[in-house]
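The values are calculated or read from the model by the stated rules, or taken from the named source; none is laboratory data. Since this is a predicted model, take the numbers as computed values, not measurements. All Cβ positions, glycine included, derive from the backbone under ideal geometry; neighbour counts span all protein chains shown. To get the accessible areas, we keep the full protein, side chains included, count just its heavy atoms, and leave off ligands, DNA and RNA. Shrake-Rupley method; radii C 1.70, N 1.55, O 1.52, S 1.80 Å.
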Amino acid sequence: IHLAPEIEQDYILRLLGEKDVVVREFTFRSDTIITIPYLEPAKYTLKLIFDNNGNKLWDTGKYIYKIQPEKVLFYAKPIDVRANWDIEEEWNF
């Protein structure tokens, strides 16, 4: 997966399986390539969290202090992994 953010900051990428279970999780700061070997054949979803405070967690925000939750994006389409196939995806955000 080639990830190309417009702004350099902390990010968390989660690979989600069935029922939104986190299969793998990665952190990065800038333009990067992530290789995920040995995945079981299935459909996966990518979830990107803008980790504004760099604590490697998604923060819900605090209404009392007028702090918004950290932004979350989902990749536009599910990724269908098949046995003995290589898949390359590019995500510009």
ask   = Given the chain, what percent of its DSSP beta bridges are antiparallel, to the nearest 5?
value = 90
In sequence order, calculated HN-Hα J values of segment 72-85 (Karplus, 6.51, -1.76, 1.60; Hz; x Gly/Pro) = 10, 10, 10, 5, 4, 9, x, 9, 9, 8, 10, 4, 6, 10
request  = Mind telling me which of Lys77, Lys66, Lys47 comes out most flexible in a GNM of the chain, alpha-carbon contacts under 10 Å?
outcome  = Lys66
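Which whole number in µm²/s is D for the chain by Stokes-Einstein, with the Kirkwood Rh taken over Cα pairs at 10 °C and 1.306 mPa s? Mind showing how you got there, number by number?
Values: Rh = 14.3 Å.
Here the translational diffusion coefficient equals 111 µm²/s.
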Cβ-Cβ FRET estimate between Glu18 and Arg82, R0 fixed at 22 Å, reported to 0.05 = 0.85
query = Probe 1.4 Å, all protein chains in place: accessible area of Arg24 in Å², nearest 10?
reply = 80
Lys pairs, segment 9-93 - Cα-Cα below 26 angstrom, 8 or more residues apart or on other chains = 17
message = Suppose R0 equals 41 Å. What FRET efficiency, 1/(1 + (r/R0)^6) with r the Cβ-Cβ distance, do Leu39 and Ile64 give to the nearest 0.05?
response = 0.50
query = What residues of segment 52-75 lie in the reach of a label at Glu89, counting those whose backbone N is under 13 Å from a point 7 Å from the Cα along Cα→Cβ?
reply = 73-75
Loop-exposed GluC sites (Glu not before Pro) per DSSP, neighbour cap 10 Cβ within 10 angstrom, longest uninterrupted part of the chain = 9-87
request  = Among Tyr63, Thr32, Phe74, flag the residue with its Cα farthest along the positive direction of the charge dipole of the chain, charges on Cβ as +1 for Lys/Arg and -1 for Asp/Glu.
outcome  = Tyr63
